[in-house]
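The values are calculated or read from the model by the stated rules, or taken from the named source; none is laboratory data. Keep in mind it's a predicted model, so treat the numbers as computed, not measured. Cβ placement follows ideal geometry from the backbone for every residue including glycine, while neighbour counts extend to all protein chains displayed.
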Amino acid sequence: MKTRVFGGVPVSEVGLGCWQIGGDQWGDVSDADALDVLKASVDAGVTFLDTADVYGAGRSEELIGKFLKGYSREKFFIASKFGRFPRPGMPGNFEPKVIREHTENSLKRLGIERLDLTQLHCLPMDQLKRAEVWDTVRSLKKEGKIARFGASVESSAEAEECLKQPDCASLQIIFNIFRQTFAVSGLLDRAKKQGVSIIVRLPLASGLLTGKYTPASTFGPNDHRTINRNGEKFNVGETFAGLGFEKGLEMVEKLKPLVPAGYTMPQLALRWCLDHPAVTTIIPGARNAAQAQSNAAASDLPPIPAATLAKLREFFVRDVKPAVRGPD
């Protein structure tokens, strides 16, 4: 596993996204399977774990906390988020007192004294512009509750707003072969120049870029790929890269001829993210140990040929981008 520098600290360039082990948005995941995923990831060299207080209303953090008891704390970079917890909900979640309460609760569930990173969790633009929100996380940093802070965003406009904060350590973005806007617009280059780390979520576009789904594929009743296909619950762009399932499958078929020899489609998708120098770490999820091991192995793949990268950008601009729904 190769590492990249995140705020002065080396982290695995392939991390683990822990949304799915919350068990409420990706279908049922047992405690045993969740712990197996964590162990397989760590055994493969993963040190960056990304979670949020809202994932399973705390279950994801609790499982990570249980897992961490068997390891040295210094081995890991633990990132969480606040702002989406169901109680008190929005906009109450954005008040200083509640931000503090939610941060303390995350620390208790994780069983740690300090978060390596806390992130504003897809806050609305009006909240991103509130100095009080940023000042609260600065205070938490001064108090030693967090080591650094950043933001998980849904759009380029939100990312640009966060970059106005000189001490914003990171941006977490939706970025994959079907969502290339952050590279095309030059925002990745600006973030790198400013020293802002980039965390890539949904590098496999909710599984579309595994290439394993067909029109007959179905998902569980508590899976966001069932309940949020058209943005019924939250940002439509979080599910199937904003393409929708049917359109996404159509794009997968167009993508298949562009997969170079020696790569599977998921390998191509993960390596494509890593081939952007501004990217610090990618956080694919996994529902079992085999998936976790396969994801981590992307670090050992050779860079994608430049000619293929050019074709993939042309494919995005010509075919994919016009079909993407949700904030850009």
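Taking residue 199 as the residue in question, decide whether it is surrounded by 24 or more Cβ atoms within 10 Å (Cβ to Cβ), at pLDDT 95 or above and touching a Ser or Thr at 6+ places or on another chain (Cβ under 7 Å). Full working, then the answer.
Working: surrounded by 24 or more Cβ atoms within 10 Å (Cβ to Cβ): yes; at pLDDT 95 or above: yes; touching a Ser or Thr at 6+ places or on another chain (Cβ under 7 Å): yes.
Yes; evaluated as a whole, the condition is true for this residue.
Can you pull out the residues in the range 211-235 that are of a type in the set (Gly, Ala, Ser) and farther than 17 Å from residue 23 by Cβ?
In the first step, residues of the range 211-235 are kept if they are of a type in the set (Gly, Ala, Ser); the result is 211, 216-217, 220, 231.
The answer is 211, 216, 217, 231.
Would you confirm, using the coordinates I've provided, whether residue 241 is among the hydrophobic types (A, V, I, L, M, F, W, C) and either in contact (Cβ under 8 Å) with a residue 24 or more places away in the chain or crowded, with 22+ Cβ neighbours inside 10 Å (or both)?
Working: among the hydrophobic types (A, V, I, L, M, F, W, C): yes; either in contact (Cβ under 8 Å) with a residue 24 or more places away in the chain or crowded, with 22+ Cβ neighbours inside 10 Å (or both): yes.
Against the criterion (among the hydrophobic types (A, V, I, L, M, F, W, C) and either in contact (Cβ under 8 Å) with a residue 24 or more places away in the chain or crowded, with 22+ Cβ neighbours inside 10 Å (or both)), residue 241 qualifies.
What pairs can you find where one residue is in the range 18-29 and closer than 17 Å to residue 201 by Cβ and assigned to a loop (DSSP other than H, G, I, E, B), the other is at pLDDT 95 or above and among the β-branched types (Val, Ile, Thr), and their Cβ atoms are less than 6 Å apart, with a gap of 6+ or different chains?
Partner pairs satisfying both residue conditions: 18/51.
Per-residue answers, yes or no, for (1) farther than 26 Å from residue 301 by Cα; (2) aromatic (Phe, Trp, Tyr); (3) surrounded by fewer than 21 Cβ atoms within 10 Å (Cβ to Cβ); (4) touching a helix residue (DSSP H, G or I) at 6+ places or on another chain (Cβ under 7 Å):
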residue: 1; (1), (2), (3), (4): no, no, yes, yes
residue: 4; (1), (2), (3), (4): no, no, yes, no
residue: 11; (1), (2), (3), (4): no, no, no, no
residue: 29; (1), (2), (3), (4): yes, no, no, yes
residue: 46; (1), (2), (3), (4): no, no, no, yes
residue: 54; (1), (2), (3), (4): yes, no, no, no
residue: 64; (1), (2), (3), (4): yes, no, no, yes
residue: 85; (1), (2), (3), (4): yes, yes, no, yes
residue: 97; (1), (2), (3), (4): yes, no, yes, no
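So residue 40 clears everything in (1) under 21 Å from residue 297 (Cβ atoms); (2) touching a strand residue (DSSP E or B) at 6+ places or on another chain (Cβ under 6 Å); (3) of a type outside the set (Ser, Thr, Tyr) except one condition, right? Which one?
(2)
Taking residue 191, is it under 18 Å from residue 314 (Cα atoms), at pLDDT 95 or above and in a helix (DSSP H, G or I)?
Working: under 18 Å from residue 314 (Cα atoms): no; at pLDDT 95 or above: yes; in a helix (DSSP H, G or I): yes.
So residue 191 does not fit the description; no.
Quick one: residue 151 ticks every box in (1) assigned to a strand (DSSP E or B); (2) small (Gly, Ala, Ser); (3) touching an Asp or Glu at 6+ places or on another chain (Cβ under 6 Å) bar one, so which box is it?
So the condition that residue 151 fails would be (3).
If you check residue 157 against the conditions, is it over 15 Å from the mean Cα position of the chain (by Cα), farther than 23 Å from residue 277 by Cβ, of a type outside the set (Phe, Trp, Tyr) and assigned to a helix (DSSP H, G or I)?
Details: over 15 Å from the mean Cα position of the chain (by Cα): yes; farther than 23 Å from residue 277 by Cβ: yes; of a type outside the set (Phe, Trp, Tyr): yes; assigned to a helix (DSSP H, G or I): yes.
For residue 157, the condition - over 15 Å from the mean Cα position of the chain (by Cα), farther than 23 Å from residue 277 by Cβ, of a type outside the set (Phe, Trp, Tyr) and assigned to a helix (DSSP H, G or I) - is met.
Mind telling me which of the residues 248, 220 ends up being touching a helix residue (DSSP H, G or I) at 6+ places or on another chain (Cβ under 7 Å), outside any helix (DSSP H, G or I), under 26 Å from residue 33 (Cβ atoms) and touching a residue at least 60 places away in the same chain (Cβ under 8 Å)? Step through it out loud before you land on a result.
Numbers: 248 fails: outside any helix (DSSP H, G or I).
Result of the check over 248, 220: 220.
Of all residues in the range 276-305, which are in contact with a helix residue (DSSP H, G or I) (Cβ under 8 Å, 6 or more places away or on another chain) and polar (S, T, N, Q)?
288, 291, 293, 294, 295, 299
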